[in-house]
1. If you take the square roots of the eigenvalues of the alpha-carbon gyration tensor of segment 16-100 and sort them as a ≥ b ≥ c, do you get rounded (a/c under 1.5), prolate (a/b over b/c) or oblate?
2. Quote the FRET efficiency, to the nearest 0.05, computed for Asn134 versus Leu44 with a Förster distance R0 of 51 Å and r equal to the Cβ-Cβ distance.
3. Eigenvalues of the Cα gyration tensor times 5, then square-rooted: what semi-axes does that give for segment 108-196, in whole angstrom, largest first?
4. Tell me, what is the per residue accessible area of segment 16-100 in Å², probe radius 1.4 Å?
5. Can you tell me the length gained on complete extension of the stretch Leu238 to Ser92, counting 0.36 nm per residue apart and subtracting the Cα distance?
6. Given a Förster radius of 30 Å and the C-beta distance between Lys74 and Arg16 as r, what FRET efficiency does 1/(1 + (r/R0)^6) yield to the nearest 0.05?
7. Rank-order 154-167, 23-36 by packing density, defined as the average count of other C-beta atoms within 10 Å over each peptide's residues, highest first.
8. Roughly speaking, what is the stretch gain from Gln246 to Ala109, that is 0.36 nm per residue apart minus the C-alpha to C-alpha distance, in nm to one decimal?
Amino acid sequence: DYVVVKMIPDNRLPPRHLHSVHTGKTFAVIKWESPYDSPDQDMLYAVAVKDLVRKTDKIYKVKSRNSTVEYTIKKLEPGGKYHVIVQLGNMSKESSMKINTVPLSAPDALKIITENDHILLFWKSLALKESNFNESRGYEIHMFDSLMNITAYLGNTTENFFKVSNLKIGHNYSFTVQARCLYGGQMCGEPATLLYDDLGMGEDPSATKSGRPTDVAAIVVPVLFLLLVTLGIGFVVLYMRHRRLQNSFSAFANSHYSSRLGSAIFSSGDDLGDEDDEAPMITGFSDDVPMVIA
(Lines give C-alpha, C1' and ligand atoms only; values in the text may rest on other atoms or scores of the structure.)
Protein backbone atom coordinates (compact mmCIF):
# COMPACT_ATOMS: atom_id res chain seq x y z
CA ASP A 1 0.00 0.00 0.00
CA TYR A 2 1.18 3.51 -0.66
CA VAL A 3 -0.12 7.03 -0.60
CA VAL A 4 0.78 10.12 -2.70
CA VAL A 5 1.27 13.36 -0.85
CA LYS A 6 1.55 16.68 -2.66
CA MET A 7 3.16 19.47 -0.65
CA ILE A 8 1.74 22.95 -0.88
CA PRO A 9 4.36 25.26 -2.53
CA ASP A 10 5.77 27.84 -0.16
CA ASN A 11 6.48 31.06 -1.99
CA ARG A 12 8.23 32.47 1.05
CA LEU A 13 11.25 30.20 0.59
CA PRO A 14 14.46 31.69 -0.94
CA PRO A 15 15.97 30.63 -4.28
CA ARG A 16 18.43 27.77 -3.88
CA HIS A 17 22.09 27.28 -4.87
CA LEU A 18 22.80 30.80 -6.08
CA HIS A 19 26.27 30.96 -7.64
CA SER A 20 28.33 32.60 -10.40
CA VAL A 21 28.89 30.69 -13.62
CA HIS A 22 31.21 33.12 -15.42
CA THR A 23 32.52 36.61 -14.69
CA GLY A 24 33.97 38.99 -17.26
CA LYS A 25 35.03 42.61 -17.30
CA THR A 26 31.55 44.06 -17.85
CA PHE A 27 29.18 41.16 -17.19
CA ALA A 28 28.51 38.25 -14.86
CA VAL A 29 26.48 35.07 -15.47
CA ILE A 30 24.65 33.85 -12.36
CA LYS A 31 22.55 30.74 -11.78
CA TRP A 32 20.09 29.55 -9.17
CA GLU A 33 17.30 27.02 -8.61
CA SER A 34 13.67 27.69 -7.79
CA PRO A 35 12.55 27.54 -4.12
CA TYR A 36 10.88 24.21 -4.80
CA ASP A 37 11.01 21.59 -7.54
CA SER A 38 8.91 21.69 -10.74
CA PRO A 39 7.06 24.99 -10.49
CA ASP A 40 3.63 24.75 -12.09
CA GLN A 41 3.53 28.42 -13.04
CA ASP A 42 5.82 31.29 -13.99
CA MET A 43 7.77 32.63 -11.10
CA LEU A 44 8.87 36.25 -10.91
CA TYR A 45 12.30 36.89 -9.41
CA ALA A 46 13.83 40.19 -8.37
CA VAL A 47 17.61 40.46 -8.96
CA ALA A 48 19.13 43.36 -7.03
CA VAL A 49 22.69 44.42 -7.89
CA LYS A 50 24.42 46.68 -5.39
CA ASP A 51 27.57 48.46 -6.51
CA LEU A 52 29.81 48.38 -3.43
CA VAL A 53 32.18 50.97 -4.91
CA ARG A 54 29.80 53.55 -6.33
CA LYS A 55 27.15 52.86 -3.64
CA THR A 56 24.36 52.49 -6.20
CA ASP A 57 21.58 49.86 -6.67
CA LYS A 58 19.89 48.35 -9.71
CA ILE A 59 16.98 45.89 -9.74
CA TYR A 60 16.16 43.52 -12.61
CA LYS A 61 13.04 41.35 -13.01
CA VAL A 62 13.32 37.78 -14.25
CA LYS A 63 10.32 35.54 -15.05
CA SER A 64 10.77 31.79 -15.51
CA ARG A 65 8.99 28.49 -14.90
CA ASN A 66 12.17 26.41 -15.04
CA SER A 67 13.57 24.76 -11.97
CA THR A 68 17.03 26.15 -12.90
CA VAL A 69 17.37 29.77 -13.90
CA GLU A 70 20.40 31.40 -15.55
CA TYR A 71 20.71 35.16 -15.89
CA THR A 72 23.40 37.53 -17.25
CA ILE A 73 24.01 40.81 -15.44
CA LYS A 74 25.31 43.40 -17.90
CA LYS A 75 26.75 46.94 -17.82
CA LEU A 76 29.18 46.22 -15.01
CA GLU A 77 32.54 47.95 -14.69
CA PRO A 78 35.97 46.28 -14.89
CA GLY A 79 37.45 45.68 -11.48
CA GLY A 80 34.14 46.40 -9.73
CA LYS A 81 32.72 44.84 -6.58
CA TYR A 82 29.05 43.92 -6.43
CA HIS A 83 26.57 42.36 -4.03
CA VAL A 84 23.83 40.34 -5.80
CA ILE A 85 20.53 39.46 -4.10
CA VAL A 86 17.92 37.14 -5.66
CA GLN A 87 14.42 36.61 -4.22
CA LEU A 88 10.87 36.09 -5.36
CA GLY A 89 8.89 39.13 -6.40
CA ASN A 90 6.73 38.91 -3.26
CA MET A 91 9.79 39.85 -1.18
CA SER A 92 10.31 36.37 0.24
CA LYS A 93 13.51 35.22 1.82
CA GLU A 94 16.57 36.05 -0.24
CA SER A 95 19.77 34.44 -1.46
CA SER A 96 22.86 36.58 -1.92
CA MET A 97 26.44 36.45 -3.19
CA LYS A 98 29.35 38.80 -4.00
CA ILE A 99 30.91 39.26 -7.43
CA ASN A 100 34.20 40.88 -8.45
CA THR A 101 34.49 41.63 -12.15
CA VAL A 102 37.75 41.12 -14.05
CA PRO A 103 39.97 44.25 -13.97
CA LEU A 104 41.48 45.88 -17.04
CA SER A 105 44.61 44.26 -18.43
CA ALA A 106 48.11 45.52 -17.66
CA PRO A 107 49.80 47.84 -20.20
CA ASP A 108 52.08 46.04 -22.65
CA ALA A 109 55.75 46.65 -23.52
CA LEU A 110 56.76 48.54 -20.38
CA LYS A 111 60.34 49.75 -20.94
CA ILE A 112 62.90 52.04 -19.28
CA ILE A 113 65.17 54.58 -21.02
CA THR A 114 68.02 55.91 -18.87
CA GLU A 115 68.95 59.58 -19.13
CA ASN A 116 71.71 61.54 -17.35
CA ASP A 117 69.84 62.39 -14.14
CA HIS A 118 66.50 60.60 -14.58
CA ILE A 119 64.73 57.71 -16.31
CA LEU A 120 61.72 57.53 -18.61
CA LEU A 121 59.05 54.83 -18.41
CA PHE A 122 57.37 53.92 -21.72
CA TRP A 123 54.44 51.57 -22.47
CA LYS A 124 51.84 50.86 -25.13
CA SER A 125 48.43 52.47 -24.99
CA LEU A 126 45.93 50.28 -23.15
CA ALA A 127 43.19 51.40 -25.54
CA LEU A 128 44.78 49.24 -28.25
CA LYS A 129 43.51 46.06 -26.61
CA GLU A 130 40.85 47.26 -24.13
CA SER A 131 37.72 48.69 -25.72
CA ASN A 132 36.42 49.65 -22.27
CA PHE A 133 39.43 51.88 -21.55
CA ASN A 134 39.43 55.59 -22.35
CA GLU A 135 42.74 57.45 -22.52
CA SER A 136 41.23 60.28 -20.50
CA ARG A 137 41.14 57.92 -17.53
CA GLY A 138 44.93 57.78 -17.59
CA TYR A 139 47.48 55.66 -15.78
CA GLU A 140 48.99 55.72 -12.33
CA ILE A 141 52.57 54.84 -11.46
CA HIS A 142 53.95 53.30 -8.25
CA MET A 143 57.53 52.63 -7.17
CA PHE A 144 58.86 50.07 -4.68
CA ASP A 145 62.31 50.54 -3.10
CA SER A 146 63.52 47.06 -2.09
CA LEU A 147 66.36 48.45 0.05
CA MET A 148 64.08 50.70 2.11
CA ASN A 149 61.06 48.37 1.75
CA ILE A 150 58.86 51.36 0.86
CA THR A 151 56.17 51.73 -1.81
CA ALA A 152 55.55 55.23 -3.14
CA TYR A 153 52.83 56.64 -5.39
CA LEU A 154 54.58 58.71 -8.07
CA GLY A 155 51.53 60.19 -9.79
CA ASN A 156 49.31 59.70 -12.83
CA THR A 157 49.37 60.69 -16.47
CA THR A 158 47.22 60.47 -19.60
CA GLU A 159 50.35 60.00 -21.75
CA ASN A 160 52.20 56.77 -22.51
CA PHE A 161 55.40 57.81 -20.73
CA PHE A 162 56.43 59.08 -17.30
CA LYS A 163 59.59 60.77 -16.00
CA VAL A 164 61.15 59.56 -12.72
CA SER A 165 63.91 61.55 -11.00
CA ASN A 166 65.87 61.56 -7.72
CA LEU A 167 66.77 57.88 -7.77
CA LYS A 168 69.42 56.83 -5.26
CA ILE A 169 72.60 55.01 -6.25
CA GLY A 170 72.80 51.44 -4.97
CA HIS A 171 69.01 51.04 -4.64
CA ASN A 172 66.92 48.56 -6.61
CA TYR A 173 63.45 49.70 -7.68
CA SER A 174 60.29 48.09 -9.04
CA PHE A 175 57.94 50.26 -11.09
CA THR A 176 54.28 49.44 -11.75
CA VAL A 177 52.00 51.05 -14.32
CA GLN A 178 48.25 50.39 -14.37
CA ALA A 179 44.96 51.93 -15.41
CA ARG A 180 44.15 54.70 -12.95
CA CYS A 181 42.09 53.56 -9.98
CA LEU A 182 38.60 55.03 -9.61
CA TYR A 183 36.46 55.87 -6.59
CA GLY A 184 38.90 55.79 -3.75
CA GLY A 185 41.40 53.46 -5.39
CA GLN A 186 39.03 50.47 -5.55
CA MET A 187 38.60 50.01 -9.30
CA CYS A 188 42.09 49.56 -10.70
CA GLY A 189 43.65 47.88 -13.69
CA GLU A 190 46.15 45.05 -13.54
CA PRO A 191 49.68 46.42 -12.95
CA ALA A 192 52.60 45.98 -15.34
CA THR A 193 55.82 45.58 -13.31
CA LEU A 194 59.41 46.31 -14.33
CA LEU A 195 62.60 45.91 -12.27
CA TYR A 196 65.30 48.61 -12.29
CA ASP A 197 68.72 47.88 -10.77
CA ASP A 198 71.35 50.27 -9.45
CA LEU A 199 73.35 50.03 -12.69
CA GLY A 200 70.58 51.84 -14.50
CA MET A 201 69.43 48.91 -16.57
CA GLY A 202 65.67 48.45 -16.74
CA GLU A 203 64.80 44.83 -17.21
CA ASP A 204 61.70 42.73 -17.51
CA PRO A 205 62.00 39.99 -14.85
CA SER A 206 61.59 37.31 -17.52
CA ALA A 207 64.32 38.89 -19.68
CA THR A 208 66.91 39.76 -17.06
CA LYS A 209 69.04 36.64 -17.55
CA SER A 210 68.96 36.80 -21.33
CA GLY A 211 69.81 40.51 -21.48
CA ARG A 212 73.12 40.49 -19.62
CA PRO A 213 75.00 37.98 -21.85
CA THR A 214 74.13 40.21 -24.82
CA ASP A 215 75.78 43.20 -23.10
CA VAL A 216 78.89 41.14 -22.30
CA ALA A 217 79.10 39.91 -25.88
CA ALA A 218 78.93 43.50 -27.12
CA ILE A 219 82.15 44.19 -25.18
CA VAL A 220 84.01 40.90 -25.73
CA VAL A 221 83.52 40.69 -29.51
CA PRO A 222 85.25 44.02 -30.35
CA VAL A 223 88.13 43.19 -27.96
CA LEU A 224 88.69 39.81 -29.62
CA PHE A 225 88.57 41.46 -33.03
CA LEU A 226 91.25 43.96 -32.00
CA LEU A 227 93.41 41.14 -30.65
CA LEU A 228 93.12 39.22 -33.92
CA VAL A 229 94.04 42.31 -35.94
CA THR A 230 97.06 42.96 -33.67
CA LEU A 231 98.24 39.35 -34.01
CA GLY A 232 97.84 39.54 -37.78
CA ILE A 233 99.94 42.71 -37.98
CA GLY A 234 102.58 41.11 -35.73
CA PHE A 235 102.83 38.07 -38.00
CA VAL A 236 103.22 40.30 -41.06
CA VAL A 237 106.03 42.29 -39.39
CA LEU A 238 107.86 39.11 -38.33
CA TYR A 239 107.51 37.67 -41.83
CA MET A 240 108.94 40.82 -43.42
CA ARG A 241 111.90 40.85 -41.01
CA HIS A 242 112.53 37.17 -41.70
CA ARG A 243 112.56 37.80 -45.45
CA ARG A 244 114.90 40.76 -45.00
CA LEU A 245 117.35 38.75 -42.87
CA GLN A 246 117.21 35.88 -45.35
CA ASN A 247 118.01 38.18 -48.29
CA SER A 248 120.88 39.84 -46.37
CA PHE A 249 122.37 36.49 -45.49
CA SER A 250 122.09 35.33 -49.10
CA ALA A 251 123.85 38.46 -50.33
CA PHE A 252 126.56 38.07 -47.67
CA ALA A 253 127.10 34.42 -48.54
CA ASN A 254 127.27 35.12 -52.26
CA SER A 255 129.89 37.82 -51.68
CA HIS A 256 132.16 35.25 -49.96
CA TYR A 257 131.63 32.42 -52.40
CA SER A 258 134.77 30.87 -53.85
CA SER A 259 134.35 29.45 -57.31
CA ARG A 260 137.64 27.54 -56.96
CA LEU A 261 136.59 25.79 -53.76
CA GLY A 262 132.88 25.61 -54.64
CA SER A 263 131.82 26.94 -51.22
CA ALA A 264 131.57 30.13 -49.22
CA ILE A 265 134.57 31.10 -47.08
CA PHE A 266 134.04 33.11 -43.88
CA SER A 267 137.16 34.58 -42.27
CA SER A 268 137.72 35.05 -38.55
CA GLY A 269 137.94 38.42 -36.91
CA ASP A 270 141.75 38.48 -37.19
CA ASP A 271 141.61 38.25 -40.95
CA LEU A 272 139.10 41.03 -41.41
CA GLY A 273 140.43 43.75 -43.57
CA ASP A 274 142.56 41.50 -45.88
CA GLU A 275 141.63 42.26 -49.44
CA ASP A 276 143.11 39.17 -51.06
CA ASP A 277 143.32 35.92 -49.16
CA GLU A 278 144.87 34.12 -52.16
CA ALA A 279 147.89 36.52 -52.64
CA PRO A 280 151.26 34.66 -52.56
CA MET A 281 153.53 35.20 -49.57
CA ILE A 282 156.73 37.19 -50.28
CA THR A 283 159.73 35.09 -49.18
CA GLY A 284 162.65 37.16 -50.31
CA PHE A 285 164.27 39.33 -52.96
CA SER A 286 166.33 38.33 -56.01
CA ASP A 287 169.96 39.47 -56.40
CA ASP A 288 169.18 40.63 -59.90
CA VAL A 289 166.68 43.20 -58.68
CA PRO A 290 168.28 46.37 -57.44
CA MET A 291 167.15 47.74 -54.14
CA VAL A 292 166.19 51.33 -54.22
CA ILE A 293 166.31 53.19 -50.96
CA ALA A 294 164.58 56.51 -50.95
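The values are calculated or read from the model by the stated rules, or taken from the named source; none is laboratory data. Just so it is clear, the model here is predicted, and its values are computed rather than measured. Please note: Cβ atoms are built from the backbone with ideal geometry, for glycine as well, and neighbour counts cover all protein chains shown. Only protein heavy atoms, including side chains, enter the accessible area calculation; ligands, DNA and RNA are left aside. Shrake-Rupley method; radii C 1.70, N 1.55, O 1.52, S 1.80 Å.
1. Prolate.
2. Computed FRET efficiency for Asn134 and Leu44 comes out at 0.85.
3. 23, 15, 10
4. Using a 1.4 Å probe on heavy atoms only, each residue of segment 16-100 averages 57 Å².
5. Extra length available between Leu238 and Ser92 comes to 42.1 nm.
6. Calculated transfer efficiency: 0.80.
7. Packing order, densest peptide first, comes out as 23-36, 154-167.
8. 42.7 nm
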